[in-house]
Amino acid sequence: MDVKEAARRLEISPSLAYKLVQEGRLPCVRIGQKGRRGKIVLTEEHLKQFMKELEEARGH
């Protein structure tokens, strides 16, 4: 899925999702050449991993 779809599923804004990807906090796969604008792809597993880390950080 793309970042916009991931944002929708996480119930956050697309801009926050892009920021989390940029900071390395939201796992993803980048497709394309390094240094060039490529496609950012997230899997269901990426979302699960992010949610798990978020819950652990909250102490749940």
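None of the figures in this text is laboratory data; all of them are computed from the coordinates on show. From a predicted model like this one, the values you see are computed outputs, not experimental measurements. Note: ideal-geometry Cβ built from the backbone for every residue, glycine included; neighbour counts use all protein chains shown.
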When the label point is put 7 Å from the Cα of Gln49 along its Cα-to-beta-carbon vector, which residues of the range 9-29 have a backbone N closer than 11 Å? 25-29
Taking +1 at the Cβ of each Lys and Arg and -1 at the Cβ of each Asp and Glu, which of Ala17, Gly38, Met1 sits farthest along the dipole of the chain towards its positive end, judged by Cα position relative to the Cα centre? Gly38
Given charges of +1 on the Cβ of Lys and Arg and -1 on the Cβ of Asp and Glu, with all other atoms neutral, how large is the dipole of the chain about its Cα centre, in debye to the nearest 20? 400 debye
So what's Rg/Rh here for the range 3-58, counting alpha carbon atoms and using the Kirkwood radius for Rh? 0.97
Calculated from DSSP helices alone, with each H run of at least 4 adding -39500 (n - 2.57) and the total divided by the residues of the chain, [θ]222 nm to the nearest 500 comes to -16500 deg cm²/dmol
As straight-line cross-link partners of Lys34, the qualifying lysines (C-alpha separation under 28 Å, not fewer than 8 residues apart within one chain) are Lys4, Lys19, Lys48
